[in-house]
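Below is one structure; the comments refer to it alone.
The values are calculated or read from the model by the stated rules, or taken from the named source; none is laboratory data. These figures come from a predicted structure and were not determined experimentally. In this analysis, Cβ positions are derived from the backbone assuming ideal geometry, glycine residues included, and neighbour counts consider all displayed protein chains.
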Amino acid sequence: MAQSFMPMQGDEIRHEGQPVAIVLGGTLEAAEAGAHRVRLHYERGDAELPVAADWTAIDKAAVEPKESGFLFVEPTFSKGEIDDGLANAAATVEAVY
């Protein structure tokens, strides 16, 4: 039953808490003000639940979480020296809130 799902790639809401909108703003305050103006309108649909699940196959396909308990794939980043990273960055942003 494992499946890959990318939010905001269609018009179906699959679970509570699923991201359904992105709000951008020139400042944090502008983005927050815009987010408070978002209103959702939806129709409740019937849940599609499997009648029976092959738990043996699901258990075999399951992947053990990594150290944090939430990472199921190897991260694509590495640790290093922050000063070197900032000095070699294509762009940096400094802001105070």
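Considering each residue of the stretch 18-59, count those that are modelled with pLDDT of 80 or more, surrounded by fewer than 10 Cβ atoms within 10 Å (Cβ to Cβ) and in a helix (DSSP H, G or I), and give that number.
So the count comes out to 2.
Give the residues of the stretch 1-41 that are among the small types (Gly, Ala, Ser) and under 30 Å from Glu94 (Cα atoms), sorted by residue number.
Matches in the stretch 1-41: Ala21, Gly25, Gly26, Ala30, Ala31, Ala33, Gly34, Ala35.
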